[in-house]
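Reading through the structure tokens given below for one structure.
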Amino acid sequence: MKRILLTNDDGIAADGLVRLAAAAKEYGEVWVVAPHSERSAASHSVTLRHPVEAWKVDFPVPGVHAYACDGMPADCVRVGALNIVPGKPDHVFSGINHGYNLASDIQYSATAGAAFEASFQKIHTIAFSEDASDICEVSDHYLRKIMGELLDKPLGVGEIWNVNFPGCRLSECGGVLYDRTVSTDEFYVDRYIETKISDDRVSYMVEGIRNFAASEGTDLKAIIDNCVSVGIAKNIS
């Protein structure tokens, strides 16, 4: 039986992780090593200056071996693959992230960062993300199907499968689009709001404005059109 390691950046208690574990059970023995709290936008950060701790926790999906970790998502993959999962996992699934991971934003994503770490460990990997809303109809409808389709589809060195589900009703979804490239368009156009603290200090709070224009054939265009985006993302660092 295949061993599947799951992680995320939303934390061990995240609903998306629970739903991912329930689906993954159909394809193998599931192990979870996930941060004990949110680690969004940590990218591929790893812990080097102090030990990483992990401890067994109860998990709402029966039969899943689950551990919380005080490190980053990439740490969770490293500790999980090298120490916790017996032997080595056959697959790593990262997600389901609460918020899209596509276009320019993928470079900040700890969901993608954890997936890229798995690819460095030469483990076949899929990252799953969805809209940051409570509408999960499309994700729940297509998750198992796409998981099964991608499970044994080969990847090159430094590559991951990257899947994004739109946050629309199932009746509004345009289906699944494969072979989507990572858009070079900005997902958010950022700016910083300045607040004067004192004569010599100013704080800056980021504010992102959604971009609703993208090139054809890209992950961002698929999501703008309420379609599921499936494609390969490659680490370029």
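The values are calculated or read from the model by the stated rules, or taken from the named source; none is laboratory data. Quantities reported herein were computed from a predicted structural model and do not represent experimental measurements. Cβ coordinates were reconstructed from backbone atoms using ideal geometry, including for glycine residues, and neighbour counts include every protein chain displayed.
Give the residues of the stretch 132-157 that are touching a residue at least 60 places away in the same chain (Cβ under 8 Å) and under 24 Å from Lys221 (Cβ atoms), sorted by residue number. Please lay out each step first, then the result.
Residues of the stretch 132-157 touching a residue at least 60 places away in the same chain (Cβ under 8 Å): 136, 138-140, 142-144, 146-148, 150-151, 155-156.
Listed by number, the residues that qualify are Cys136, Val138, Ser139, Asp140, Tyr142, Leu143, Ile146, Met147, Leu150, Leu155, Gly156.
Can you tell me how many residues in the stretch 130-189 are in a helix (DSSP H, G or I) and crowded, with 18+ Cβ neighbours inside 10 Å? Walk me through how you get there before you give the answer.
Residues of the stretch 130-189 in a helix (DSSP H, G or I): 137-150, 170-172.
Subsequent filtering for residues that are crowded, with 18+ Cβ neighbours inside 10 Å retains 138-139, 142-143, 146-147, 150.
Qualifying residue count, the stretch 130-189: 7.
What pairs can you find where one residue is in the stretch 163-181 and more than 18 Å from Glu149 (Cβ to Cβ), the other is among the small types (Gly, Ala, Ser) and surrounded by fewer than 18 Cβ atoms within 10 Å (Cβ to Cβ), and their Cβ atoms are less than 8 Å apart, with a gap of 6+ or different chains?
Within 8 Å, the pairs are Gly167/Ala132; Gly167/Ser133; Thr181/Gly217.
Against the condition assigned to a loop (DSSP other than H, G, I, E, B), among the polar types (S, T, N, Q) and either modelled with pLDDT under 95 or touching a Gly at 6+ places or on another chain (Cβ under 9 Å) (or both), how does Asn97 come out, does it pass?
Working: assigned to a loop (DSSP other than H, G, I, E, B): no; among the polar types (S, T, N, Q): yes; either modelled with pLDDT under 95 or touching a Gly at 6+ places or on another chain (Cβ under 9 Å) (or both): yes.
Criteria not met by Asn97.
So, in the stretch 15-31, of the ones that are in a strand (DSSP E or B) and of a type outside the set (Val, Ile, Thr), which residue ends up surrounded by the fewest Cβ atoms within 10 Å (Cβ to Cβ)?
Glu29
Name the residues in the stretch 1-14 that are charged (D, E, K, R) and crowded, with 22+ Cβ neighbours inside 10 Å, would you?
Selection gives Asp9, Asp10.
Taking the stretch 203-224 as the search range and keeping residues that are loosely packed, with under 15 Cβ neighbours inside 10 Å and not small (Gly, Ala, Ser), which one is farthest from the chain's Cα centre (by Cα)?
This residue is Tyr204.
Return the residue satisfying two criteria in turn: it lies in the stretch 78-130 and is of a type in the set (Lys, Arg) and in contact (Cβ under 8 Å) with a residue 24 or more places away in the chain, and of such residues it is farthest from Glu186 (Cα to Cα). Lay out the reasoning, then the answer.
From the stretch 78-130, those of a type in the set (Lys, Arg) are 78, 88, 122; that's our starting set.
Right, trim to in contact (Cβ under 8 Å) with a residue 24 or more places away in the chain and you get 78, 88.
Working: Arg78: 30, Lys88: 37 Å.
Residue satisfying both the conditions and the ranking: Lys88.
Which of (1) more than 14 Å from Ile232 (Cα to Cα); (2) modelled with pLDDT of 95 or more; (3) not in a loop (DSSP other than H, G, I, E, B); (4) not aromatic (Phe, Trp, Tyr) is the odd one out, the single condition Pro89 does not satisfy?
(3)
Can you name the residue in the stretch 60-70 that is of a type outside the set (Ser, Thr, Tyr) and in contact with a helix residue (DSSP H, G or I) (Cβ under 7 Å, 6 or more places away or on another chain) and is also nearest to Pro35 (Cα to Cα) among such residues?
From the stretch 60-70, those of a type outside the set (Ser, Thr, Tyr) are 60-66, 68-70; that's our starting set.
When the remaining residues are screened for being in contact with a helix residue (DSSP H, G or I) (Cβ under 7 Å, 6 or more places away or on another chain), the result is 60-61, 64, 69.
Working: Pro60: 16, Val61: 17, Val64: 16, Cys69: 5 Å.
Here the residue is Cys69.
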